[in-house]
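These notes concern the structure reproduced below.
Just so you know, all these numbers are worked out from the coordinates, no wet-lab data involved. Given the structure is predicted, the values throughout are model-derived calculations rather than measurements. Note that each Cβ is placed from the backbone with ideal geometry, even for glycine, and that neighbours are counted across all protein chains shown.
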6 protein chains.
Amino acid sequence: MKITRGYQDWPAGSVLVEFGRTRVLCAASVQEGVPRWRTGSGLGWVTAEYAMLPSATNTRSSRESVKGRIGGRTHEISRLVGRSLRACIDMAALGENTITLDCDVIQADGGTRTAAITGAYVALADAVTWLGAAKRLSDPKPLSCSIQAVSVGVVDGRVRLDLPYEEDSRAEVDMNVVATDHGTLVEVQGTGEGATYTRSTMDKMLDFALAGCGELARLQESVLAEPYPGELPGGAA
Amino acid sequence: MKITRGYQDWPAGSVLVEFGRTRVLCAASVQEGVPRWRTGSGLGWVTAEYAMLPSATNTRSSRESVKGRIGGRTHEISRLVGRSLRACIDMAALGENTITLDCDVIQADGGTRTAAITGAYVALADAVTWLGAAKRLSDPKPLSCSIQAVSVGVVDGRVRLDLPYEEDSRAEVDMNVVATDHGTLVEVQGTGEGATYTRSTMDKMLDFALAGCGELARLQESVLAEPYPGELPGGAA
Amino acid sequence: MKITRGYQDWPAGSVLVEFGRTRVLCAASVQEGVPRWRTGSGLGWVTAEYAMLPSATNTRSSRESVKGRIGGRTHEISRLVGRSLRACIDMAALGENTITLDCDVIQADGGTRTAAITGAYVALADAVTWLGAAKRLSDPKPLSCSIQAVSVGVVDGRVRLDLPYEEDSRAEVDMNVVATDHGTLVEVQGTGEGATYTRSTMDKMLDFALAGCGELARLQESVLAEPYPGELPGGAA
Amino acid sequence: MKITRGYQDWPAGSVLVEFGRTRVLCAASVQEGVPRWRTGSGLGWVTAEYAMLPSATNTRSSRESVKGRIGGRTHEISRLVGRSLRACIDMAALGENTITLDCDVIQADGGTRTAAITGAYVALADAVTWLGAAKRLSDPKPLSCSIQAVSVGVVDGRVRLDLPYEEDSRAEVDMNVVATDHGTLVEVQGTGEGATYTRSTMDKMLDFALAGCGELARLQESVLAEPYPGELPGGAA
Amino acid sequence: MKITRGYQDWPAGSVLVEFGRTRVLCAASVQEGVPRWRTGSGLGWVTAEYAMLPSATNTRSSRESVKGRIGGRTHEISRLVGRSLRACIDMAALGENTITLDCDVIQADGGTRTAAITGAYVALADAVTWLGAAKRLSDPKPLSCSIQAVSVGVVDGRVRLDLPYEEDSRAEVDMNVVATDHGTLVEVQGTGEGATYTRSTMDKMLDFALAGCGELARLQESVLAEPYPGELPGGAA
Amino acid sequence: MKITRGYQDWPAGSVLVEFGRTRVLCAASVQEGVPRWRTGSGLGWVTAEYAMLPSATNTRSSRESVKGRIGGRTHEISRLVGRSLRACIDMAALGENTITLDCDVIQADGGTRTAAITGAYVALADAVTWLGAAKRLSDPKPLSCSIQAVSVGVVDGRVRLDLPYEEDSRAEVDMNVVATDHGTLVEVQGTGEGATYTRSTMDKMLDFALAGCGELARLQESVLAEPYPGELPGGAA
């Protein structure tokens, strides 16, 4: 896993996550105000949109804008990313600002949704730094923890972490786990299409997943130890 | 939980599931042939569509057909129901038939997706019986197990099964578990929006869920012990 | 024809109409305020949406929300139901409230639109009672008459009332008549696809239709003589 | 009412109908083959699409192609026009040809749907002549009668024929009648929004309508007595 | 080229342009206020929508409202017409009024977009006259020049002006030029699909185009020398 | 301008174009067969889709897949890119293969459409090499020339090449020119919104544009002199 901050110039946070052949661009854009149903509450909002470039997949996939509708998988992952990142942020501290996390898959080879979540956290952290420098936060420390995600699969009866697409597509069980650097869980999604799995496999997958998330948390921390990549409002750097 | 078979006259399987105030109509319609991408494979297909009547919710919800697009939540649940039911059926035994499971929520008070899955299994079993009587199965026993689902929540720190909407909406953690009558897992989706949860809470929720699913499996079994509700093709009854 | 009030818990009026094998769920939901183009007029609004469950028909019909557009037939019937029910209500007495009539066909076997209108009147009457108890009407008696509808067909040269689908589909002429309990007409739609019809057939069909509507008016009256099915705002019952 | 044949060069039939300030362009385009569900039946098909130019109405109306969906009124009228014109044509004689009737309102001042039907018949007759000259009919005389339509309204208690928009919009009852030159009825649609009407008003409106249709039938006949406006296939003129 | 003003009764400007077999109806509708993003600026707005009747083309084209989306060509031409006409009008003088130019092709035989622009200018001039009479302009002379457009093609190596469809479709190069009566350029769009063209061909095409636009400018001027066709607000004529 | 080949692993051609702050990813995906209307002709097809990441612009732009429709600008540029690239390829030599050019803007700062065209040519050349190695071309040399594009603007009365967004947005005239390495023109689009321009400015802009395209042609040539970046089918490299 390689994480590059400051990949784009315009968004407050922009992170390229590379993991095996999978590459996801996670951008955090800041907008004043919140959706209408939240206006006046004093609370901020974080939302996410996940998408894949047509050229990101082994065989070209058709463009959802051209089809005129978003597919079920895209909807599902967008909702998962948004929900996961909202778990680490204090909306009152954020104040009436909206942060949109755009996770665009440049190249896909398995694990794009978990890479997206892991990268989106770093982009979110940069956007929060930017808002702080712009003196637009209600409270200086809105982030209570960091967020990571991994996928775990069972292939040929063995539990494995972060499978590439070719192996993932023949996994008997597939589980995505979103966790925090405190070791707690945010989201667990385990699916056995074509096969079911026992409680003890479930337990083993959770062990692997929490260990993997711990490593990612340390990587995020070391990457974010570097200064903000770009110019901050108010001349701070 | 109350399960009524033969609720409608036309579909091969039609089941009304009532659970507290929640009422879901699960219909299994049989169609010859499979989607184009599967034609000629000799394999069948099972798919699901979940929807809510506008009048099913406390405050009227707007109709997705009128909005001209299906929301993220609807997409997500439709996919979950389809995936869950595909876990119990041998597609080769089904032969090139498509079974569509329509889960329409008549009244909602929490747990509609898990009620839908539990009812859809019974409708599916009836549709399989119908196909067998019509001599359209490639193999007489396509179902390898039964499928149940429950929701588990943590409210005020206590783990609870199948919360009504009012309590569900203030649950700190919300988990849906789909299981089989063999005690294995098909799908686990645990979400902590606004809060995260520990590994030990996770374990406790799984205990509750598997116990709940076991009870539902016994209910399904006793309901399906009754003869097919209606006329079968070929005069069988 | 059987009419069951209080079929659902949430809407102010909820009525299940059963007629032969046809079953339609008519719900009347109350919302404060009126559409933007009517705001400030002091007048209320009544609108209707008609739809069919995919499993309601002999052969499963595809879901309009999935197709992303509403078909011509659905549009036409929704407009007919709304127009018909608006004929019996004094919009000034209703005050700036909107009543939405959702007519969802659970099972179809001919005459779904006329069953929907007949049931929607009963749901509307319950919703008006509810609004009255909530002291939200500008005037206590907004309903000036009751509304009923029947279909009349000519099959093999004979005029017949309320044909089931199998006969309806081979009718030479098909007419829907919406009337009031005062014996006046609200809407007449007579269509002869594949054949035309004489003025004297037209006259005979109107005779049959008005007689049929009279019977339905008496049924509605007796059903509405029972108390409101559920709890009324302000503790009235 | 003025009817001009040969208004456009490309369609097999093209008729401009002018009636008061209302102007509707009715084009009949011929296409080999029929929709998929009718292929191989040996029967032809006639369908219609009604639309209004944005500039046709007193206040500019927005374009349905830009809104991305067709409104209920447009759907309803398109279906009415198609159904009405199918009443006069023998589909077996037409053979596997499709005739599409495009009724585009250039200027609207009441009665656009009835003007559309009356004009569409003349365009259809020309298209049939064209098909005959091209030797593409299965039988030389597919038209069994002519089709006309009028609107009748009740204004200030008096029954009146073909009201302009300003009067039509305050009519207590509004009825559209489609008839044949044999004096039989094809379609009757009577609506009393805001008021209901008695059986005797209904009878009087039908009298007026049938008289009006008779006059239109004579006008159509005299217009169609002129030769085909343009060149026919095979050099016939 | 023939230009008929006052073709419709309702819009402030309505012009029928005929050019060879091509006929385009250009209507300029006036609306108080401007789009939201421009409100309060004191500036007006001019926008355009181009469309083709299904019956306008040699082979019937399908209706974009029925397809539920506007094609690329329609979008492109609508934007071109709007951009071109905005070049001649002083938005501050127009004041916060919106003029919508609807260009509907009645019959197509090449050059519909250039005919649309040339006609839209005349409709725009009439709409401006109407606004002046209604005392709704901020400044009495918002139009700084007139706008014309021609198409130029290279067929069999020879540069030609305004080709009919049959020749246009085999042109090696196709160029649309929008110019003003001052001889300056507003828009040049030259395309060589299937072939490329030299700089000297480009120069020659521009010579032809500017000469053609000059002629059209004189025609527009003479047509607009006639009084406003219809009644002006405030009794002016 | 910097051009990086082999940016992605899956498409047959994948090129990152960087120009100032503008970055566009151009991918050429190969698919067997052609669209239905071209099947059996023996001719290939080249098409293009242009899009912008929401995070590519100074202020986040909304996602067209979420809006459910593609905007006019996107349509227009997609068509321009496709048309431009089709000018350099012999469709008979290509054989019945489709090449889709996806141009996704990663970061926008003016000139995205011209950068897209210039990069798409390089991606197309790689895809053609790939097809040749796979022995799927009907003829070994389908490309007759190379394609480049530049934008030219007039700012403060001075003609300038390839303006960044900030200057571009206040240009009086804006022209995009697509040319070949033979010095011929493929497409010229000159627009003066808010101002018009003289013939002599037009001539000067063309001079600048052709000089700029010449330089890009040399860059493309030198970049393509390097071997194919990746593995070719059949083991060629």
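Laid out as a table, the results:
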{"read-out": "Spin-label model distance (nm) - F:R136 vs A:K2, 7 Å beyond Cα toward Cβ", "value": "3.0 nm"}
{"read-out": "Bins of 10 Å from zero: percent of alpha-carbon pairs in the protein assembly as shown", "value": "1, 7, 13, 17, 20, 19, 14, 7, 1, 0"}
{"read-out": "Largest to smallest principal axis extent of the C-alpha atoms in chain F, angstrom", "value": "56, 42, 35"}
{"read-out": "Principal-axis tilt of helix A:72-86 within chain A, Cα atoms, nearest 10 degrees", "value": "50 degrees"}
{"read-out": "B:D90-D:H182 FRET efficiency (beta carbon distance; Förster radius 45 Å; 0.05 resolution)", "value": "0.10"}
{"read-out": "Label geometry 7 Å along the beta-carbon vector: C:A211 inter-copy distances in nm", "value": "3.1, 6.6, 8.4, 8.4, 9.6"}
{"read-out": "Fluctuation leader among A:A211, A:A48, A:A108 - chain A, Gaussian network, Cα springs under 10 angstrom", "value": "A:A211"}
{"read-out": "Shielding by partners - mean other protein chain Cβ count within 10 Å, residues of E:79-88", "value": "3"}
{"read-out": "Violating pairs (Cα-Cα greater than 30 angstrom) within the set C:K2/C:K141; B:K2/F:K67; D:K2/E:K135", "value": "B:K2/F:K67; D:K2/E:K135"}
{"read-out": "Electrostatic dipole magnitude of the protein assembly as shown [Cβ: Lys, Arg +1; Asp, Glu -1; Cα centre; debye, to 20]", "value": "0 debye"}
{"read-out": "Residue-averaged 222 nm ellipticity for the protein assembly as shown, from DSSP H runs of 4+ at -39500 (n - 2.57), nearest 500", "value": "-10000 deg cm²/dmol"}
{"read-out": "Pairwise label distance in nanometres, F:Y165 with B:S222, each label 7 Å out on the Cα-Cβ vector", "value": "6.6 nm"}
{"read-out": "Size of electric dipole in the range E:145-237: Cβ of Lys, Arg +1 and of Asp, Glu -1, about Cα centre, debye, nearest 20", "value": "260 debye"}
{"read-out": "Ranked E:M1, B:M205, criterion: other C-beta atoms within 10 Å, fewest first", "value": "E:M1, B:M205"}
{"read-out": "Relative counts (whole %) of C-alpha pair distances in the range D:108-237, using bins that are 10 Å wide", "value": "12, 37, 27, 15, 8, 1"}
{"read-out": "Candidates D:I70, D:I117, D:I99, ranked by Gaussian network fluctuation over chain D, Cα under 10 Å, top entry", "value": "D:I70"}
{"read-out": "DSSP beta bridges in the protein assembly as shown [antiparallel fraction, %, rounded to 5]", "value": "85 percent"}
{"read-out": "Label distances, nm, A:R21 versus same residue in remaining copies, Cβ-directed 7 Å point", "value": "3.4, 5.3, 5.4, 5.4, 6.8"}
{"read-out": "Whole-number D in µm² s⁻¹ for the range F:25-154, Kirkwood Cα-pair radius fed into Stokes-Einstein, 20 °C, 1.002 mPa s", "value": "138 µm²/s"}
{"read-out": "Magnitude of the charge dipole, the range E:130-194, Cβ model with Lys/Arg +1 and Asp/Glu -1, debye to 20", "value": "560 debye"}
{"read-out": "Rounded tilt (10° steps) of E:112-133 against the dominant C-alpha axis of chain E", "value": "10 degrees"}
{"read-out": "Efficiency of FRET from Cβ geometry, E:A211 and E:R158, R₀ 22 Å, rounded to 0.05", "value": "0.90"}
{"read-out": "Percent RCO, i.e. relative contact order, over the range C:35-135, from Cα pairs under 8 Å lying at least 6 residues apart", "value": "41 percent"}
{"read-out": "Simple label model, 7 Å out from Cα along Cβ direction - E:E172 to D:R199, nm", "value": "8.1 nm"}
